[in-house]
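Below is one structure, written out as structure tokens; comments come after it.
The values are calculated or read from the model by the stated rules, or taken from the named source; none is laboratory data. Nothing here was measured: the structure is a model prediction, and the numbers come from that model. Please note: Cβ atoms are built from the backbone with ideal geometry, for glycine as well, and neighbour counts cover all protein chains shown.
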Amino acid sequence: MKSEQVSKKALRAYAVDTYTTAPLRAMSKAYSSNLTQDQWDLLEVLIPPAKPGGRPREVEIWEVLNAIFYLLCEGCRWRNLPGDFPNWQTGYTYFRNWRLDGTWLAIHDHLHQWVRLDDEREPSPSEVIVDAQSVKTAARVSEAVGYDAAKHIKGASDI
């Protein structure tokens, strides 16, 4: 009986230790979209802290980000995320909240600058080339057509 209690305590301690060090451990499957430890260290500072009060976070943000990146890379639906990731509702809720409060844009901008610096380029581009072409649109008269005032052409649209 005591040996069973000791082993249960040891298992609980192992589970708690495993839970708290989740970013350092590997998921059960390695996906090409998973964050490396260096990438996680870079993004961890951009993640807003848990809201004060209430229940503590039960999910590792590292795994939520892996789920979001998997979804973006593979193009699947939220409900079709593999079981290795947190529940799809959890991933979607974090993604939606981060999109609304600007966290996702900050993550994007940070990654964009990091990739440019990794390629030994300036963090932001110094010049941009923009090209436009007008082509006739609307094969039928009943469809809406545009007007290019600069070229005096009816039925033109910028591409």
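Some notes on this structure:
- TRP98 being assigned to a helix (DSSP H, G or I) and modelled with pLDDT under 90: no
- Residues of the range 94-110 that are free of Cβ contacts under 8 Å to residues at least 12 places away in the same chain and within 25 Å of GLU122 (Cβ to Cβ): GLY102, TRP104, LEU105, HIS108, ASP109.
- Members of the range 72-92 found to be closer than 22 Å to PRO48 by Cβ and under 12 Å from the mean Cα position of the chain (by Cα), listed by number: LEU72, GLY91, TYR92
- Only listed residue being surrounded by 10 or more Cβ atoms within 10 Å (Cβ to Cβ), part of a loop (DSSP other than H, G, I, E, B) and either modelled with pLDDT under 80 or outside the structural domain of VAL45 (by TED's automatic domain parsing) (or both), chosen from PRO123, PRO86: PRO123
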